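The values are calculated or read from the model by the stated rules, or taken from the named source; none is laboratory data. In this text the structure is predicted, and so the values were computed from the model without any measurement. Ligands, DNA and RNA are stripped out before the accessible areas are found, and what is left, the full protein with its side chains, is counted by its heavy atoms. Shrake-Rupley method; radii C 1.70, N 1.55, O 1.52, S 1.80 Å.
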Amino acid sequence: MINKFLLSRVSLVLCALLLTGCSTNEFSGNRYEGSAVGEVSRTDRGYVLSLRKVEIKPDGSVAGTALGAVGGGLLGSMFGGGHGKYLTAAAGAVAGGVAGNAIGSKSQEGIEYTVKLDNGSIITITQGIEPHISVGQRVYVVNSNKGRSRIVAE
């Protein structure tokens, strides 16, 4: 039979790893989703007129809350006996959900770029702080077929 102490330690490590995955910089101009690989995008050329730092708040995904609640419930269920086991599982689920929500809703630093395209149009794009792009720098504006855009240095 598996030792409860060992199982609880393994569960804690797994929960920590899952929740850590919720805190990545998902708004980087250097990050692509797997579904975007091989997708044809329209690209325009231009230069950066201005930039400013902004705060990017996540859209309120429930993934962090759900992962935290499941992990906390599993961990809590390993403690107590009889009906106490249900109470510790419920308490663990609530605590894990709160922690997962806090991690999953963490704001990230971003940059709002105003770009003048070579055709004379002026556009604004917000993305993560990577890659580093300066005012006056020539850039490509990559527009995906799914309506998402990013800028990258020329």
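For segment 134-150, which residues satisfy the criterion of being in a loop (DSSP other than H, G, I, E, B) and hydroxyl-bearing (Ser, Thr, Tyr)?
Answer for segment 134-150, where residues must be in a loop (DSSP other than H, G, I, E, B) and hydroxyl-bearing (Ser, Thr, Tyr): 134, 144.
Return the total of residues in segment 96-145 being more than 13 Å from residue 48 (Cα to Cα) and either at pLDDT below 75 or open to solvent by less than 20 Å² (accessible area, probe 1.4 Å) (or both).
14
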